[in-house]
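Trainee: Below is a structure I'd like to ask you about.
The values are calculated or read from the model by the stated rules, or taken from the named source; none is laboratory data. Owing to the predicted nature of the structure, the values given are computational and were not obtained by experimental measurement. Every residue, glycine as well, gets a Cβ built from its backbone with ideal geometry; the counts of neighbours run over all protein chains shown. The area values use the complete protein model at the heavy-atom level, side chains included, leaving out ligands, DNA and RNA. Shrake-Rupley method; radii C 1.70, N 1.55, O 1.52, S 1.80 Å.
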Amino acid sequence: MEKEAEVLIRNHGYLKLPVDPTMNLEKEINRLKREKNAIILGHFYITPDLQEISDFIGDSLGLSQKVEQTDADIIVFLGVHFMAETAKILNPGKKVIIPDMNAGCSLAESAPADKFAEFKAQYPDHKVISYINCSADIKVLSDVICTSSNADAIVSSFDKDQKLIFAPDKNLGNYINSKTGRNMILWDGACMVHEKYSLEKILDLKELHKDAEFIAHPECEKPLLLAADFVGSTTALLKYPQKSTYKKFIVATESGILHQMQKDSPNKVFIPAPSIDSTCGCNDCTFMKLNSMEKLYLCLEHEQPELKLDPAVIEKAKIPIQRMLDISKKYKL
Ligand code: 13P
Ligand code: SF4
């Protein structure tokens with residue numbers, strides 16, 4: 001099977017094997033998980049069935065913190081490639097497996113390491129803050145990592161006079177610049193999901209639902225963030241409706257979040273913000289949605305595809321991630 005698995009992963013990115021359609025996938029996944037002492041970690045953007053079967057569901061910061069603490073032998077990561085890389089970097093002794101190697105990230109891909117190294121060389125007196133949505137090779141080139149939950153605190157941990165580069169998300173970088181009064185040099189990268197929202201359609205929707213608040217993730221473009229009633233990370237967006245007096249919300253972030261939002265606030269209404277090129281009114285991250293129950297079952301059963309990283313990369317990339325975790329701990333984030 002080992003050889004066959006290798007070929008399947010090389011050709012398809014995942015174990016393209018038949019799964020008995022009568023199988024109770026939930027029961028089998030839970031059995032395998034117990035037998036193998038595995039933990040399933042999922043990001044809020046995955047589908048509701050996968051969110052429900054995860055042992056822990058979180059945003060990028062919460063997931064990194066959970067990875068640091070786990071005593072499981074196997075970490076199954078339901079998210080995208082850079083998240084599984086972060087799990088491996090923080091816990092190199094564990095086996096990290098992911099259902100589909102093709103689950104990448106447009107934002108991470110917008111910063112190739114060789115191009116970024118050239119860019120960084122132009123600013124020798126600058127420190128580099130990188131958003132966690134980047135490859136391990138970009139992390140190696142960074143002084144500290146941040147997520148959307150702690151970007152403010154990480155940037156503010158630097159002396160006001162320290163010159164900074166922020167990569168790879170220009171929208172989050174711009175937003176943090178305006179919040180902190182900094183003038184960080186920004187790498188020109190973006191997330192294809194969060195850049196796809198149509199401000200025009202959102203304003204029309206606001207007209208139609210005057211009793212709704214519009215909330216958005218800082219990976220969205222500036223004009224959209226200026227129009228938002230609240231801007232926050234995945235976790236902040238989840239918490240906001242619980243304390244707001246409003247009953248209705250237009251939500252500009254990946255639609256997977258709506259499952260948990262609705263669970264947390266069953267009596268409130270959540271409307272996915274419309275994108276420029278869709279008629280369905282929702283924005284899915286196609287990479288996150290490559291995860292499925294069938295692929296999760298196969299990946300647990302065969303413990304493949306496995307995420308592997310060069311030990312030298314692990315050693316260097318851990319330093320800026322650990323800095324982020326230490327700063328977050330200090331500020332109780
Ligand atoms: P956070 O989980 O940090 O909010 O990031 C959102 C995202 O785009 C994850 O890929
Ligand atoms: Fe990457 Fe955007 Fe998908 Fe997040 S939503 S994983 S940033 S492509």
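Trainee: Using +1 at the Cβ of each Lys and Arg and -1 at the Cβ of each Asp and Glu in region 1-40, identify which of Ala5, Met23, Asn37 lies farthest towards the dipole's positive end.
Mentor: It is Asn37.
Trainee: Still on this model: Quick one: with all protein chains in place, what share of the accessible area of the chain is carbon or sulfur, to the nearest percent (1.4 Å probe)?
Mentor: 51 percent
Trainee: How many nm separate the modelled label positions at Val269 and Lys201, each set 7 Å beyond the Cα in the direction of the Cβ?
Mentor: Using points 7 Å along Cα→Cβ, the separation is 1.9 nm.
Trainee: For the chain, what relative contact order do you get, as a whole percent, if you take Cα pairs closer than 8 Å and at least 6 residues apart?
Mentor: Details: 627 pairs, mean separation 73.5, N = 333.
After rounding, I find 22 percent.
Trainee: Next question, about the same structure. With +1 on each Lys and Arg Cβ and -1 on each Asp and Glu Cβ, and nothing else charged, work out how big the dipole of the chain is about its Cα centre, in Debye to the nearest 20.
Mentor: 880 debye
Trainee: Follow-up. May I ask for the net charge around Ser142, where only other residues with Cβ less than 12 Å from the Cβ of Ser142 are counted and Lys, Arg are +1 while Asp, Glu are -1?
Mentor: Working: positive: Lys120, Lys127, Lys139, Lys316, Lys318, Arg323; negative: Asp137, Asp143.
Charge balance near Ser142 sits at +4.
Trainee: Over region 1-133, give the accessible area per residue in Å² for a 1.4 Å probe, as an integer. Working shown, then result.
Mentor: Numbers: 5890 Å² over 133 residues.
Solvent-accessible surface per residue comes out at 44 Å².
Trainee: A further question follows. By how many nm would the segment from Asn30 to Glu315 lengthen if fully extended, with 0.36 nm per residue of separation less the alpha-carbon distance?
Mentor: 99.3 nm
Trainee: Could you give the distance between the Cα centres of region 102-124 and region 78-92, to the whole Å?
Mentor: Using only Cα atoms, the two centres lie 18 Å from each other.
Trainee: Measuring with a 1.4 Å probe in the full set of protein chains, what accessible area per residue, in whole Å², belongs to region 188-333?
Mentor: 48 Å²
Trainee: Are any of the pairs Lys170/Lys248; Lys170/Lys222; Lys66/Lys222; Lys160/Lys222; Lys3/Lys139 more than 21 Å apart by Cα-Cα distance, and if so, which?
Mentor: Values: Lys170/Lys248 30 Å; Lys170/Lys222 10 Å; Lys66/Lys222 32 Å; Lys160/Lys222 24 Å; Lys3/Lys139 32 Å.
Long pairs (Cα-Cα over 21 Å): Lys170/Lys248; Lys66/Lys222; Lys160/Lys222; Lys3/Lys139.
Trainee: Which of the aspartates and glutamates could a cross-linker bridge to Lys163, judged by Cα under 16 Å and excluding same-chain residues fewer than eight apart?
Mentor: List returned: Asp125, Asp143, Asp152.
Trainee: Order 194-201, 325-332, 11-18 from most to least packed using the mean count of other Cβ atoms within 10 Å.
Mentor: In decreasing order of mean packing, 194-201, 325-332, 11-18 become 194-201, 11-18, 325-332.
Trainee: Let me ask something else. Rg(Cα) of region 124-169 divided by 2.2 N^0.38 Å?
Mentor: That ratio works out to 1.07.
Trainee: Sort the chain into rounded, prolate or oblate with this rule: let a ≥ b ≥ c be the square roots of the eigenvalues of the Cα gyration tensor; rounded if a/c is under 1.5, and if a/c is not under 1.5, prolate when a/b is larger than b/c, oblate otherwise.
Mentor: Oblate, because a/c is 1.5 or more while a/b does not exceed b/c.
Trainee: Could I ask something else about it? Rounded to the nearest 0.05, what FRET efficiency do Asp326 and Gln162 have when you use their Cβ-Cβ distance and R0 = 22 Å? Write out the running numbers ahead of the final one.
Mentor: On the way: r = 18 Å, r/R0 = 0.80.
Between Asp326 and Gln162 the formula returns 0.80.
Trainee: How large is the Rg to Rh ratio of region 173-293 when both quantities use alpha carbon positions and Rh follows Kirkwood?
Mentor: Looking at region 173-293, the ratio lands at 0.96.
Trainee: Between Lys3 and Tyr123, what is 0.36 nm times their sequence separation minus the Cα-Cα distance? Round to one decimal in nm.
Mentor: Result: 38.5 nm gained on full extension.
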